[in-house]
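Below: the structure, in structure tokens.
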């Protein structure tokens, strides 16, 4: 039987190596070394780097998609849905600062991976089109709306080093505070967009 602790160590080690080296630059031996196990044991758990990458990717997004899906399935006002989306997404980014780069690399390398993770969580992204299309009084194409929201949420994390340096004199605490304040700004901006 596979040991859950070993598997957790492998996933954390893989996450660390994938963050620093990317999918293409990561090597299974590096991941095994980071996890403190031998390569044969790593291959016992994950036969290929691609399989391991998918497991890391899925572990990050599974909880996020479930939380979003749970809110979108409820009969709640659009304002509450918008707030939940912002909070879940930004909280996930706060907890996993590597995700934006991880996502950008994977979207460019193999966009089907993210779609497969969505499918495995029974998350249908077209539900956003229905929600924001049906509740959109401004006439904005819901696809424009969704892409804009994602960009507004992801960019400050993806470009953190640059924005923090230019606008916050590389003050980590000040930028972290800015990101926390931005959650309310995003919620209010989204609500204005759909009104």
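Applying the set (1) within 17 Å of the chain's Cα centre (by Cα); (2) surrounded by fewer than 18 Cβ atoms within 10 Å (Cβ to Cβ); (3) part of a helix (DSSP H, G or I) to residue 124 leaves exactly one unmet item: (3). The sole residue among 93, 114, 129, 162 that is surrounded by 12 or more Cβ atoms within 10 Å (Cβ to Cβ), modelled with pLDDT of 85 or more and part of a helix (DSSP H, G or I) is 93. Would you mind finding the one in 92, 118, 153 that is closer than 30 Å to residue 50 by Cα, within 13 Å of the chain's Cα centre (by Cα) and free of Cβ contacts under 8 Å to residues at least 40 places away in the same chain? Exactly one residue qualifies, and that residue is 92.
Any idea how many residues of segment 169-178 are surrounded by fewer than 16 Cβ atoms within 10 Å (Cβ to Cβ) and part of a helix (DSSP H, G or I)? So that I can check it myself, show each step before the final result.
Filtering segment 169-178 for residues surrounded by fewer than 16 Cβ atoms within 10 Å (Cβ to Cβ) gives 169-174, 176-177.
Filter once more, so that each one left must be part of a helix (DSSP H, G or I): 172-174, 176-177.
Qualifying residue count for the region: 5.
Among the residues of segment 132-149, not one is exposed (fewer than 12 other Cβ atoms within 10 Å of the Cβ), in contact with a helix residue (DSSP H, G or I) (Cβ under 8 Å, 6 or more places away or on another chain) and assigned to a helix (DSSP H, G or I).
The values are calculated or read from the model by the stated rules, or taken from the named source; none is laboratory data. All values derive from a computational prediction rather than experimental measurement. Heads up, the Cβs are rebuilt from the backbone with ideal geometry, glycines too, and the neighbour counts pull from every protein chain shown.
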